[in-house]
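The values are calculated or read from the model by the stated rules, or taken from the named source; none is laboratory data. As the structure is a computational prediction, the values presented were derived from the model and not from experiment. No Cβ is skipped: glycine too gets one built from the backbone with ideal geometry, and neighbour counts run over all protein chains shown.
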Amino acid sequence: MLSEEKIQEELKQVIVPGVKRSVWDMNLIREVSISEEEIRINLASTGLVEAAQNWVEAKVKDLLEKLPGVKKVQVSYVNAKPEDLNSIRHIIAVMSGKGGVGKSVVSSLVAVALKRLGYEVGILDADITGPSIPKMFGIAEQPHFSENALLPVPTRSGIEIMSINLLLPNEDEAVIWRGPLIGNTIKQFGTEVLWGRLDYLIIDLPPGTADAPLTVMQSFPISGVIIVFTPQDLVEMIVKKAINMAKKMNKPILGVVENMSYLYIPELERKIEIFGQSRAEEMAKIADAPLIAQIPIDPELVKICDKGEIERYANGLVTGIGEALSKVVALKK
């Protein structure tokens, strides 16, 4: 006997052209009704140009009409705002008190780690004036869009990416905007981008505690914050700034990550602390949060980031990051 659950499962096979996600993944299925030998499907037209709508309609009919006992399938489209279709379980902001600590690398590694664990993941590059996420994933194509929505660009492994760099004519074009325009753009990335169904949305924040991070904290239902730092003398003051901002915004700190923690010389079997002695455990205590990872200075990581192949990074710490973070998130529920 046909059921709504069975039909929903079948519709996971309908992949939207150019997007590499199904109508279920994009959360476009609005209503399914079954009466005798007829199935009626209401889909949101959000993000779909007319040609894509026609293709999806034909694919849905062809798929469902093959089910036993089905003689007629009717597909219709309804209007819906992207923000009403987005179903994101956890939104995690990656922040620091200053620039140059490798926030974007950490954001990318967190996303890669979670994707390898089987989660549906997206990254919002909120560093409007210094976007680097697309470069690390080797993405240069512009997003698909319609009159009412902008669609993220998928990476090779299926991580959904949205960045201002994907909307510029050239990736090296400078974004010379004042605070209000930057803030409005960040808000639009939340309301006008169709993320669909995601387990995790990682937001790569710009450095500091000014307009852009504040806009993100106020505009998105942040599940928690990851604080990134490097082992330097100024680290305590920097971390405390980020901690104080998170606390004032009532956002839980999920964990801390020490980046550029050390350089490992395999020939000598020795770790060299180039930027000074690690203060990872100390910073974890100050933040009252677990230490998620200590990321070394790894020439291989630098090389594959420059080549746009961060998803190929094979270091075992990636698995550790994903497992540690997913455990913390589960405990915070």
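Numbers at a glance
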| item | result |
| --- | --- |
| Candidates 282, 311, 323, filtered to the one that is more than 25 Å from the chain's Cα centre (by Cα) and in a helix (DSSP H, G or I) | 282 |
| Residue match in the stretch 216-234 (condition: over 21 Å from residue 127 (Cα atoms) and either buried (at least 18 other Cβ atoms within 10 Å of the Cβ) or modelled with pLDDT of 90 or more (or both)) | yes |
| Search result, residues across the stretch 91-133 that are part of a helix (DSSP H, G or I), more than 26 Å from residue 287 (Cα to Cα) and either over 12 Å from the mean Cα position of the chain (by Cα) or not assigned by TED's automatic domain parsing to the domain that holds residue 232 (or both) | 116 |
| Condition met for residue 213 (surrounded by 17 or more Cβ atoms within 10 Å (Cβ to Cβ), touching a strand residue (DSSP E or B) at 6+ places or on another chain (Cβ under 8 Å), in the same structural domain as residue 288 (by TED's automatic domain parsing) and under 26 Å from residue 165 (Cα atoms)) | yes |
| Within the stretch 1-17, considering residues that are under 26 Å from residue 83 (Cβ atoms) and in contact (Cβ under 8 Å) with a residue 12 or more places away in the chain, the one surrounded by the most Cβ atoms within 10 Å (Cβ to Cβ) | 14 |
| Of all residues making up the stretch 52-90, the number that are assigned to a helix (DSSP H, G or I) and in contact (Cβ under 8 Å) with a residue 12 or more places away in the chain | 13 |
| Enumeration of residues in the stretch 125-140 that are in contact with a helix residue (DSSP H, G or I) (Cβ under 8 Å, 6 or more places away or on another chain) and under 27 Å from residue 296 (Cβ atoms) | 125, 126, 127, 131, 132, 133, 134, 135, 136, 137, 139 |
| Meets criteria (over 23 Å from residue 329 (Cα atoms) and among the aromatic types (Phe, Trp, Tyr)) for residue 119 | no |
| Qualifying residues in the stretch 18-51 (those that are buried (at least 21 other Cβ atoms within 10 Å of the Cβ) and in a strand (DSSP E or B)) - the one modelled with the lowest pLDDT | 39 |
